[in-house]
Amino acid sequence: MSKTWKTKLIHPDAHAPKGFQSLATPTYRGSTVLFPNAAAVQDTWDQHAVGYTYGLYGTPTTIELAARVCELENGYRTFITPGGQAAISLINFAFLKSGDHILVPESVYSPNRWFTAKVLSRFGIEVGFYSPTIGAGIQSLLKKNTRLVWCESPGSITMEVQDIPAIAEAAHKSGALVVLDNTWSAGIYFDAFAHGVDINMQALTKYVGGHSDFLLGSVSVRDEALYQKLGATHQLLGFAASPDDCSLALRGLKTLAVRIAAIEKSALTLAQWLSTRPEIELVLHPALPSCPGHEFFKRDFTGSTGVFSIVFQRHFTKEKVHAFVNSFQLFKIGYSWAGVTSLAVAYDLSSRPHRPDYTHRIVRLNIGLEDTSDLQTDLAQSLERIR
Ligand SMILES: Cc1ncc(COP(=O)(O)O)c(C=O)c1O
């Protein structure tokens, strides 16, 4: 049919030549997905089973990212979420119902703790917190209605490495599922499913992204039954991830190996050097014997990444610890981690229940891709200023 220029804005006859091939995954944006005929229209979330039906459930960009994360984590299937925290809430909403009990480590990422305490408790879910070093002792905390055992290894800020196989064995005997926040290992250095985990999540915001410029999360599961359960909830929560962000994550994957290797080397050098400094009581880096659970790191991990904490000697006041962080010339102050820029955050654990006695003396460092000797000089000059 003949068309006016206004209609041609929507239905053009002009097209670019076909046949373009590049090394980058195309960024497919879209809410509407076209169907070939009226009978083919359906609103089904499982794009692997039925093909594409609606942008909410993923475009080829989103689903390629999911498939590639899944392949690296040796999972069955993976969902992409708009952030790591969204991955955490998706898991809880998908697997819990009123009357269930869950166990969460005291060392868990704080917003995960707050979600359980402030949101899940409103839906009649009972939450118990446990020491991250509990290992097989978790058995005594498991109840008939314990549905999920959350793990995070190493834990946030205090860095305890958990005995995941022992926890998984006890949880499975009691019919509970094991969920792991595996962000620190980038889903690479700890093979979650081989160690008994059922649901493995990470904030792709961190190492997969690697440049501090987007938020995304992933949830991988070990089998079809878990995939079905997760997918049905993912659909109804409306957790759409931006294909633009997914394309950045796909780009991040290509350089993950070299970034993570350089960061690992630099972080280890700096952690070892810091452990020789008289101002520092403890270096909490999983690859050093001073870190709680180091034996499980040696047994279960194939490498380390760039986040670790230092604890100052007892005589350092909060003001001195803050002065240390404020004196940096290269390290910046800010949340999130795993980007190319080194970061430092001082924490005060005094008011947090059942935490080690590090109080205001703990600083978490994220080692980026600056030259290691420049970072060491920056740490040294900041330490000198507070002596
Ligand atoms: C261990 C851990 N899990 C989850 C998250 C949440 O990720 P996001 O910032 O993408 O929501 C973070 C963020 O700092 C984290 O450190």
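The values are calculated or read from the model by the stated rules, or taken from the named source; none is laboratory data. All values reported here derive from a predicted model rather than from experimental measurement. Using ideal geometry, Cβ is built from the backbone for each residue, glycine included, and neighbour counts are taken over all protein chains shown. Calculation scope for accessible area: heavy atoms of the full protein, side chains included, ligands and nucleic acids excluded. Shrake-Rupley method; radii C 1.70, N 1.55, O 1.52, S 1.80 Å.
What the table below lists for this structure:
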| quantity | calculated |
| --- | --- |
| Any hit, the range 70-83, residues being assigned to a helix (DSSP H, G or I), within 16 Å of the ligand (Cβ to nearest atom) and within 26 Å of Tyr207 (Cα to Cα) | yes |
| Matching residues, the range 98-128, being open to solvent by 20 Å² or more (accessible area, probe 1.4 Å), more than 16 Å from the ligand (Cβ to nearest atom) and touching a residue at least 40 places away in the same chain (Cβ under 8 Å) | Gly99 |
| Considering residues of the range 142-165 that are charged (D, E, K, R) and farther than 18 Å from Asp300 by Cα only, the residue farthest from the ligand (Cβ to nearest atom) | Lys144 |
| Search result, residues across the range 92-108 that are closer than 16 Å to Arg122 by Cα and assigned to a loop (DSSP other than H, G, I, E, B) | Leu96, Lys97, Ser98, Gly99, Asp100 |
| Residue match in the range 348-364 (condition: in contact with a Ser or Thr (Cβ under 8 Å, 6 or more places away or on another chain), open to solvent by less than 10 Å² (accessible area, probe 1.4 Å) and of a type in the set (Gly, Ala, Ser)) | no |
| Filtered residues of the range 319-340 (kept if under 23 Å from the mean Cα position of the chain (by Cα) and surrounded by fewer than 17 Cβ atoms within 10 Å (Cβ to Cβ)) | Lys332, Ile333, Gly334, Tyr335, Ser336, Val340 |
| Selection within the range 207-229 - open to solvent by 10 Å² or more (accessible area, probe 1.4 Å), within 11 Å of the ligand (Cβ to nearest atom) and of a type outside the set (Phe, Trp, Tyr) | Ser212, Leu215 |
| Unique match (being closer than 21 Å to Arg259 by Cβ and either within 15 Å of the ligand (Cβ to nearest atom) or crowded, with 23+ Cβ neighbours inside 10 Å (or both)) among Leu204, Leu180 | Leu204 |
| Residue match in the range 13-23 (condition: open to solvent by 50 Å² or more (accessible area, probe 1.4 Å) and in a helix (DSSP H, G or I)) | no |
| Considering residues of the range 60-96 that are without any contact (Cβ under 8 Å) to a residue 24 or more places away in the chain and more than 17 Å from Ser185 (Cα to Cα) only, the residue most open to solvent (accessible area, probe 1.4 Å) | Ala67 |
| Matching residues in the range 185-201 - criterion: being within 16 Å of the ligand (Cβ to nearest atom) and open to solvent by 10 Å² or more (accessible area, probe 1.4 Å) | Ile188, Tyr189 |
| Yes/no for Ile280 being closer than 26 Å to Thr81 by Cβ and either within 19 Å of the chain's Cα centre (by Cα) or open to solvent by less than 50 Å² (accessible area, probe 1.4 Å) (or both) | no |
| Any hit, the range 37-58, residues being under 18 Å from Arg222 (Cα atoms) and in contact (Cβ under 8 Å) with a residue 60 or more places away in the chain | yes |
| Residue in the range 237-244 that is more than 14 Å from the ligand (Cβ to nearest atom), farther than 22 Å from Gly83 by Cβ and assigned to a loop (DSSP other than H, G, I, E, B) present | no |
